[in-house]
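Novice: My questions all concern the structure below.
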């Protein structure tokens, strides 16, 4: 099975109560690819960077089985850059600097060799770009998932709704679900969002876990209680990478598989936040992932 992901590869400056790092590697595609690489070897990336993006980071991704034919490297231009400072509660952050750089001209083209991708993860980009990717695919994938945010609901409402007609799954947080649906109850929010196109919906609640909705079925996965959270940056994309990577490693797409995938995605995200940037994701073992998944099982296991 193969996973195609479209999104950013970037530099970040990050400040949290646990420290500050400068010009570390970030971006949705980067986190998604690293997380997914622990579950399958056929990962395809469509993204854009400047010639300032380190060759060693590109080589590391390739060593994890990530195909970068779809990565555009623009000479004499800079990569996307974001700088942010987290509040003491780690749930809120202030964006200090956003420099689009090469991302301002991103017009993704899906290589011919990617046309057989069975699974697609559309990172948080403009709805127009996300839709253009879907329309470029000559063969309908088994599952197309999309990430979006409040900003696109504010400035690209119609375009977002058009894009939602063409995807199978939407991954958003609880505030975004309420804004998109106009409903406060997450159950009612899911009902409204299903009318817009997606068959599956994941509503993330940060440190409180995530809901999976499909038709009349609901599954809830808790978040792992952690003593230390050093850097939440990329946690959502890491979740998506682990989630989609696990699904792509299975023989079928079923509600039971999706339930297990949420646990694996949550496990990957729980490791991501323990260190800055990709430091933890680059050094995980399969034993650590399995151990963390087993801890999730223990969180909710009970006997009646």
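Novice: Only one of 24, 66, 102 is in contact with a helix residue (DSSP H, G or I) (Cβ under 8 Å, 6 or more places away or on another chain) and in contact (Cβ under 8 Å) with a residue 12 or more places away in the chain; which?
Specialist: Exactly one residue qualifies, and that residue is 66.
Novice: Any idea how many residues of segment 289-304 are out of contact with any helix residue (DSSP H, G or I) (no Cβ under 7 Å at 6 or more places or on another chain) and within 16 Å of residue 242 (Cα to Cα)?
Specialist: 3
Novice: If residue 30 satisfies all but one of (1) closer than 18 Å to residue 100 by Cβ; (2) without any contact (Cβ under 8 Å) to a residue 40 or more places away in the chain; (3) in a helix (DSSP H, G or I), what's the number of the condition it fails?
Specialist: (2)
Novice: Filter segment 105-115 down to the residues that are modelled with pLDDT of 95 or more and in a helix (DSSP H, G or I), then identify the one that is surrounded by the fewest Cβ atoms within 10 Å (Cβ to Cβ).
Specialist: The qualifying residue surrounded by the fewest Cβ atoms within 10 Å (Cβ to Cβ) is 112.
Novice: Scan 276, 255 and give me the residue that is closer than 24 Å to residue 213 by Cβ, surrounded by fewer than 24 Cβ atoms within 10 Å (Cβ to Cβ) and either in contact with a strand residue (DSSP E or B) (Cβ under 6 Å, 6 or more places away or on another chain) or at pLDDT below 95 (or both).
Specialist: Just a single option satisfies the conditions, and that option is 255.
Novice: Run down 121, 90 and say which single residue is buried (at least 22 other Cβ atoms within 10 Å of the Cβ) and either closer than 23 Å to residue 228 by Cα or under 20 Å from the mean Cα position of the chain (by Cα) (or both).
Specialist: 121
Novice: Right, something else. Just one of 232, 222 is surrounded by fewer than 24 Cβ atoms within 10 Å (Cβ to Cβ), touching a residue at least 40 places away in the same chain (Cβ under 8 Å) and under 14 Å from the mean Cα position of the chain (by Cα); which is it?
Specialist: 232
Novice: In segment 69-93, how many residues are touching a helix residue (DSSP H, G or I) at 6+ places or on another chain (Cβ under 9 Å), free of Cβ contacts under 8 Å to residues at least 40 places away in the same chain and part of a loop (DSSP other than H, G, I, E, B)?
Specialist: 2
Novice: Taking residue 241, is it in contact with a strand residue (DSSP E or B) (Cβ under 8 Å, 6 or more places away or on another chain), modelled with pLDDT of 95 or more and under 29 Å from residue 14 (Cα atoms)?
Specialist: yes
Novice: If you take the residues of segment 1-25 that are part of a loop (DSSP other than H, G, I, E, B) and more than 18 Å from the chain's Cα centre (by Cα), which of them is nearest to residue 243 (Cα to Cα)?
Specialist: Looking at the filtered set, the residue picked out is 1.
Novice: State yes or no: is residue 299 at pLDDT 95 or above and either out of contact with any strand residue (DSSP E or B) (no Cβ under 8 Å at 6 or more places or on another chain) or closer than 22 Å to residue 4 by Cβ (or both)?
Specialist: So residue 299 fails the test.
Novice: Out of (1) under 19 Å from residue 277 (Cβ atoms); (2) within 17 Å of the chain's Cα centre (by Cα); (3) free of Cβ contacts under 8 Å to residues at least 24 places away in the same chain, what's the single condition that is false for residue 59?
Specialist: Every condition holds for residue 59 apart from (2).
The values are calculated or read from the model by the stated rules, or taken from the named source; none is laboratory data. Predicted, not measured: the structure shown is a model, and the values here were computed from it. Reconstructed Cβ throughout: ideal geometry from the backbone, glycine too, with neighbour counts over all protein chains shown.
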